[in-house]
Amino acid sequence: MSTAIIERPAQERAAAVPGLGTLLVLLAGTFVTTLDFFIVNVAIPATQRDLHAGPSTIQFVVAGFGLALAAGLITGGRLGDLYGRRRMYTLGLTLFTLASLACGLAPTAGFLVGARVAQGMAAALLMPQVLGIIGTVYTGERRARAFNAYGLAMGFGGVFGQLIGGLLIKADIAGLGWRTVFLINVPVGLVAVPAAMRLVPESRAGKARLDVVGALLVTAGLVLIVLPLVEGRQEGWPLWTWLCLVAAPFVLAAFAVYQRRAGERALIHLGLFRHRAFSVGAVIALLSQMAVASFFLILALYLQQGRGLSPLESGLIFLALGAGYFVSSSRAVQVAARLGRQVLALGALTMALGYGLLALVAGATDGGIGWLIPGLLLAGCGMGLVMAPLPATALTGVEPRYAASAAGVVSTSLQSGGAIGVAVVGVVFYDVLGTTRFSAAFVAGLTTVIACCLVTAALVQLLPGRRPGEGH
């Protein structure tokens, strides 16, 4: 088992660069946590029937995971900086595996909600360590390729989540039905945890104490944003949702002031935001995930409820999206080497073009489902060109000692962007659906998503001119 701390001279560190096995272990955690965010949507109807759960309770099966994940990522990243990124990764993956087992064996809806919150907390502990470890132990072209592989694994988990869930439920292994979408994580964890302890080198930033007050403030601020956005529409936007949204900026401002005074103990070193690549990259991460996560939602609703497809049939349609993603993300490093930062703009504009084509097809006809394929292929290609190079772009120039906490900020932007996008586009989609057909609601939602893509492409022009993955 490696016990080396990756804070050493460059020559010694280069000699200790991990191999493919290390990267595969890290990507296994990335894949299952991203998959878990999307796969559960397929299982919701069967879960609700089996556990006799009401709509509000079953909604927290989805929301509880996302809320715990978004709120805990920054703290999880800092824990990795302080106590060891491999240690926090293996601990997070162990807890995630146990929570997945609890979800799969849940006897009641309330138990399932609690287990899903535990899953989200465990995912928040492991996810930022992946980017932190990659940013610390790899350099140059190898780091760019590792970041690209991270984006590929994350995209596969999202794009193929619905198909994998549909296949598992259709197979009904051992009569477990919907429970298999959670239990599938258990064998992955049983293999990946011991492999991580053997293959992943340890790294950390220092021995400073955890900023407990900062952790509480940032967690409270993120909960005040994400919770009302996740629950507001379903609850009819009661007063408490607006009070939360009003209070959130003040809590986050208090967090920023406290961080400025905390010095080396700070949860987030605000100096990170002086790096234009990091600050703009974090905003691009938020906007791009708004466009991706909300699109997955309205596409699934349109296919299953608007076009009457089964979960498995809907998942098969997602294959076109996945094919485009696979082709573009596997070539993203080469494209980025030629275009630099503009690879992100190209990806965002390609997504917008794909969404626009889907809007034209849905608005013109409700005929053959095959007419959606070209638009889905284009949208998938755009996603790959954005998601694969984005981590390297945002984390370029970040000091190794702040790698995991910076990765926590980027991961938080991605997860918060997903929640905000689903809330905003969901409001547009359901408002239109209340007065007309599914196709019109789908088009309205796509229009909002296209706007996110266009703003993302514009923001790319604010990034520094160096290429993704290059250092100073």
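If the condition is being touching a helix residue (DSSP H, G or I) at 6+ places or on another chain (Cβ under 9 Å) and surrounded by fewer than 20 Cβ atoms within 10 Å (Cβ to Cβ), then segment 203-215 contributes Gly206, Lys207, Ala208, Arg209, Leu210, Val213, Ala215.
Could you please let me know if Thr97 is closer than 25 Å to Ala71 by Cα, surrounded by fewer than 24 Cβ atoms within 10 Å (Cβ to Cβ) and β-branched (Val, Ile, Thr)? Please lay out each step first, then the result.
Values: closer than 25 Å to Ala71 by Cα: yes; surrounded by fewer than 24 Cβ atoms within 10 Å (Cβ to Cβ): yes; β-branched (Val, Ile, Thr): yes.
When the stated conditions are applied, Thr97 passes them.
Filtering segment 246-264 to residues that are surrounded by fewer than 16 Cβ atoms within 10 Å (Cβ to Cβ) and either under 22 Å from the mean Cα position of the chain (by Cα) or touching a residue at least 40 places away in the same chain (Cβ under 8 Å) (or both) leaves only Glu264. With respect to (1) surrounded by fewer than 24 Cβ atoms within 10 Å (Cβ to Cβ); (2) in contact (Cβ under 8 Å) with a residue 24 or more places away in the chain; (3) under 18 Å from Gly158 (Cβ atoms), the lone exception for Arg116 is condition (1). Scanning segment 275-315 for residues that are in contact with a Pro (Cβ under 9 Å, 6 or more places away or on another chain) and either closer than 12 Å to Leu414 by Cα or not assigned by TED's automatic domain parsing to the domain that holds Phe160 (or both) returns Gly281, Ala285.
Reported count of residues in segment 128-149, each being crowded, with 23+ Cβ neighbours inside 10 Å and either of a type outside the set (Ser, Thr, Tyr) or under 19 Å from the mean Cα position of the chain (by Cα) (or both), is 13. Test Ala192 against the stated conditions and say whether it is more than 25 Å from Gly384 (Cβ to Cβ), at pLDDT 85 or above and crowded, with 17+ Cβ neighbours inside 10 Å. No. For Ala171, the conditions (1) within 29 Å of Pro389 (Cβ to Cβ); (2) more than 22 Å from the chain's Cα centre (by Cα); (3) small (Gly, Ala, Ser) are fulfilled apart from (1).
Might you check whether a residue that is aliphatic (A, V, I, L, M), under 27 Å from Asp81 (Cβ atoms) and in a helix (DSSP H, G or I) occurs anywhere in segment 232-241? No, segment 232-241 has no match at all.
Checking each residue in segment 101-113 for being in contact with a Leu (Cβ under 7 Å, 6 or more places away or on another chain) and either of a type in the set (Val, Ile, Thr) or crowded, with 20+ Cβ neighbours inside 10 Å (or both) picks out Cys103, Ala106, Thr108, Leu112. Restricting the first member to segment 421-442 and to residues that are under 13 Å from Leu297 (Cβ atoms), and the second to residues that are surrounded by 24 or more Cβ atoms within 10 Å (Cβ to Cβ) and polar (S, T, N, Q), the beta-carbon pairs closer than 6 Å and six or more apart or on different chains are Gly421/Ser294; Val422/Ser294; Val425/Ser294. When residues in segment 340-369 are screened for being surrounded by fewer than 18 Cβ atoms within 10 Å (Cβ to Cβ) and either free of Cβ contacts under 8 Å to residues at least 60 places away in the same chain or in contact with a Leu (Cβ under 7 Å, 6 or more places away or on another chain) (or both), 6 of them pass.
The values are calculated or read from the model by the stated rules, or taken from the named source; none is laboratory data. All values derive from a computational prediction rather than experimental measurement. Cβ sites come from the backbone with ideal geometry, for glycine too, and all protein chains shown count toward neighbours.
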